[in-house]
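See below for the structure under consideration.
The values are calculated or read from the model by the stated rules, or taken from the named source; none is laboratory data. These numbers come from a predicted model, not from an experiment. Counting neighbours? That spans all protein chains shown, and the Cβs are built from the backbone with ideal geometry, glycine included.
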2 protein chains.
Amino acid sequence: MRATTIYGTRDIRVEEVPDAAIKEATDVVVRVELACICGSDLWAYRGVAKRADGQRIGHEFLGIVEEVGGDVKSVQVGDRVIAPFVWSDGTCAYCQAGLQTSCRAGGFWGSKGSDGGQGEAVRVPQADGTLVRVPADAPASLLPAFLSLSDVMGTGHHAAMGAGVGPGSTVAVVGDGAVGLCGVLAAKRLGAERIIAMGRHEDRAKIASLFGATDQVAERGEAAIERIKEMTGGLGASAVLECVGTEQSWGTAMGIVRDGGRIGYVGVPHEMPGLPLGKLFGRNIAIGGGVAPVRAYLPELLADVLAGRIDPGPVFDRTVSLDDVALGYQAMDERTALKVIVQPQIAG
Amino acid sequence: MRATTIYGTRDIRVEEVPDAAIKEATDVVVRVELACICGSDLWAYRGVAKRADGQRIGHEFLGIVEEVGGDVKSVQVGDRVIAPFVWSDGTCAYCQAGLQTSCRAGGFWGSKGSDGGQGEAVRVPQADGTLVRVPADAPASLLPAFLSLSDVMGTGHHAAMGAGVGPGSTVAVVGDGAVGLCGVLAAKRLGAERIIAMGRHEDRAKIASLFGATDQVAERGEAAIERIKEMTGGLGASAVLECVGTEQSWGTAMGIVRDGGRIGYVGVPHEMPGLPLGKLFGRNIAIGGGVAPVRAYLPELLADVLAGRIDPGPVFDRTVSLDDVALGYQAMDERTALKVIVQPQIAG
């Protein structure tokens, strides 16, 4: 079969690799219908996060179950399933507590020795603990929304949960990538009263508005901090969603959060010095979040997508074939695309 | 009048200072019955936190209202009152939200230009927003418990709140000082099922048991981390109370907290490098806390003291006169006393 591999900085290839196949009785093989490229894949693309030559990549996909191991009970051949960005056994104390990202039997698609999501098929370990079925009769128009539940929508939701967003919250979102925009949608869904989206990209601002942003701030750095303080009676936002993970974005988050407020953090930390605890201490700033256990959130978010209450689909603004996957990386790296779908079953 | 002053490392004096007096119509003057020495005063005593020569010190006291400014409505001459460790106006957005430590009209006893708590009397600014009256007929045996509400009991409670302690929680407390012990009592009061106190000092362990600790861990560092993991099925504690504020104590806190757990932090950060966000991220560790808004907690904790539901009084294990205040500092610095009461009205 063919799959995406990475060979160092900005060297994304599509290669012939061994067919995805059952190894354990708890595995299934999923034929990928849709995969996508994540902002966090760009850290590897840019050479900041190291990968071995030829390592697989991609951790978001949905598809059709093609083959089922003998111990698998929850899915059958032909089912359409969404894969969260880690696999997990579904039975350990962490999985039972809804923290599947800490499952000791779990792993991350594209880690060494595993299939990546950006390929024709994927061997899914621990299928019963991992995959979520979607109704056979769901309209094709919902597929992008389903795909977003494999990572970005669940991650945006995790940021909102980590920041303690609830009815009446004043929320500010740092980062106008797909996760930040999904954070806007999640905050709206959780009842936030005011949602300030930050960014200077018009197309993204439009999506933020569609998703429920009540205000937009195009300024950056100190100017953004001043602007948001002005907008909030000098106080700042009670809940800040940190969806970037750099020293600069954390500086903004700490600058715009209200004393006693919470920063929900889901941006993978990159080139980050330690957090200045002394600055948080005097102002009683709390932080919550981390790598999102999207598997825990999938059932409730899927129900809302199916019921038409949320549609994160608009975060995808371009589709490429597997052959053209490198073009998708390039477009996201250059910010000419927000988030790119990869379709392995169409010709390049 | 006479009050405690500090002149650099381990140089605590008692000196004649100007009488506490009304300056603003919102002030009162309180004649101090009981004050005490805080673990955080020791940072100044040890020269780690800088103070000006002759600066006042002490931020925990209770006493009798002696003089009342013209705008004060909530207390009268003769009332017995508890002062939280900061003053605050009680009317701003932060005070109304229960975050009096962020009140812009507030301040800290012993900061430059203000009276410290370890003296014969204190000018209390913003008296209506600051002081809490206690019943005239409360028995003298409760005075130490009342005094603890000026800081350590409210701070221990804040740690427990920051760590999200509730019914059924598995709690571990880092720090066996008065705040840590009050954290044990606060966790018990909030319904924790298991409370692991850490420390190797027998007298403190006895108080921890009295306050509700179900387990004691005398090991330190890596050995303590291993021991607590063993005791918790390999998982660690869901709620950790960080009551020290050093790199070492944070290392322990991060080592013993369960993935997905919360660290409630109230130890004033000292000689702390930045928090390693990358280590928190992958494990979904949340942190909450900071400088405790003890004024917000005073009414509910006072009600529980009066009803006999909690008694933090045992954290005090020595009483000195004002003349002997330096001996109190020395005893706490050498850990021969846990927490020392200072009584300005008795002879040295």
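Here are a few things to note about the model shown:
- Residue list for region B:280-304, restricted to those being in a helix (DSSP H, G or I) and either hydroxyl-bearing (Ser, Thr, Tyr) or facing another protein chain (nearest Cβ under 9 Å) (or both): B:280, B:281, B:282, B:283, B:297
- On the stretch given as region A:221-235, residues that are surrounded by fewer than 18 Cβ atoms within 10 Å (Cβ to Cβ) and either not charged (D, E, K, R) or not assigned by TED's automatic domain parsing to the domain that holds residue A:258 (or both) total 4.
- Taking each residue of region B:56-78 that is under 9 Å from residue B:29 (Cα atoms) and touching a residue at least 12 places away in the same chain (Cβ under 8 Å) and looking for partners that are of a type in the set (Lys, Arg) and surrounded by 16 or more Cβ atoms within 10 Å (Cβ to Cβ) with beta-carbon atoms closer than 6 Å, six or more apart or interchain, yields B:64/B:31; B:64/B:80; B:66/B:31.
- Where residue A:320 falls short, out of the listed (1) part of a helix (DSSP H, G or I); (2) not assigned by TED's automatic domain parsing to the domain that holds residue A:200; (3) not acidic (Asp, Glu): (1)
- Qualifying residues in region A:193-216 (those that are β-branched (Val, Ile, Thr), touching a strand residue (DSSP E or B) at 6+ places or on another chain (Cβ under 7 Å) and crowded, with 19+ Cβ neighbours inside 10 Å) - the one farthest from the other protein chains (Cβ to nearest Cβ): A:195
- Some residue of region A:110-120 being acidic (Asp, Glu), surrounded by fewer than 24 Cβ atoms within 10 Å (Cβ to Cβ) and without any contact (Cβ under 8 Å) to a residue 24 or more places away in the chain: no
- Residue pairs meeting the criteria (Cβ under 8 Å; at least 6 apart or on separate chains; first farther than 18 Å from residue A:145 by Cα, in region A:202-231; second of a type in the set (Asp, Glu) and in a helix (DSSP H, G or I)): A:219/A:226
- Some residue of region B:200-221 being closer than 24 Å to residue B:297 by Cβ and basic (Lys, Arg): yes
- Of A:320, A:315, all but one fail to be touching a residue at least 40 places away in the same chain (Cβ under 8 Å), more than 14 Å from every other protein chain (Cβ to nearest Cβ) and in contact with a Leu (Cβ under 7 Å, 6 or more places away or on another chain); the exception is A:315.
- Scanning region B:37-77 for residues that are small (Gly, Ala, Ser) and outside any loop (DSSP other than H, G, I, E, B) yields B:44, B:63.
- Any chance residue B:70 is at pLDDT 95 or above, surrounded by fewer than 17 Cβ atoms within 10 Å (Cβ to Cβ), more than 21 Å from the chain's Cα centre (by Cα) and not assigned by TED's automatic domain parsing to the domain that holds residue B:210: yes
- From the options A:238, A:249, residue that is crowded, with 24+ Cβ neighbours inside 10 Å, touching a residue at least 60 places away in the same chain (Cβ under 8 Å) and of a type in the set (Ser, Thr, Tyr): A:238
- Just one residue in the set B:271, B:219 is within 12 Å of chain A (Cβ to nearest Cβ) and part of a loop (DSSP other than H, G, I, E, B); that residue is B:271.
- Conditions (1) crowded, with 17+ Cβ neighbours inside 10 Å; (2) touching a helix residue (DSSP H, G or I) at 6+ places or on another chain (Cβ under 8 Å); (3) modelled with pLDDT of 95 or more; (4) in a loop (DSSP other than H, G, I, E, B); number of the one not met by residue B:34: (4)
- Set side by side, the residues A:255, A:261, A:251 differ, and just one is more than 23 Å from the chain's Cα centre (by Cα) and part of a helix (DSSP H, G or I), which is A:255.
- Answer from B:320, B:266, B:325 - the residue that is more than 21 Å from residue A:287 (Cα to Cα), in contact with a helix residue (DSSP H, G or I) (Cβ under 6 Å, 6 or more places away or on another chain) and at pLDDT 95 or above: B:320
- Looking across region B:37-56 at every residue that is out of contact with any helix residue (DSSP H, G or I) (no Cβ under 6 Å at 6 or more places or on another chain) and under 12 Å from residue B:118 (Cα atoms), the one that is surrounded by the fewest Cβ atoms within 10 Å (Cβ to Cβ) is identified as B:55.
- Positions within region B:233-247 being of a type in the set (Gly, Ala, Ser), in a loop (DSSP other than H, G, I, E, B) and more than 17 Å from the chain's Cα centre (by Cα), in sequence order: B:233, B:234, B:236
- Taking the numbered list (1) more than 9 Å from every other protein chain (Cβ to nearest Cβ); (2) touching a residue at least 24 places away in the same chain (Cβ under 8 Å); (3) under 30 Å from residue A:14 (Cα atoms) in turn, residue A:334 passes all entries but (2).
- Apart from one condition, residue A:281 fits all of (1) in contact with a Gly (Cβ under 8 Å, 6 or more places away or on another chain); (2) among the aromatic types (Phe, Trp, Tyr); (3) surrounded by 24 or more Cβ atoms within 10 Å (Cβ to Cβ); the exception is (3).
- Verdict on residue A:186 being free of Cβ contacts under 8 Å to residues at least 60 places away in the same chain, within 19 Å of the chain's Cα centre (by Cα) and closer than 15 Å to residue A:292 by Cβ: yes
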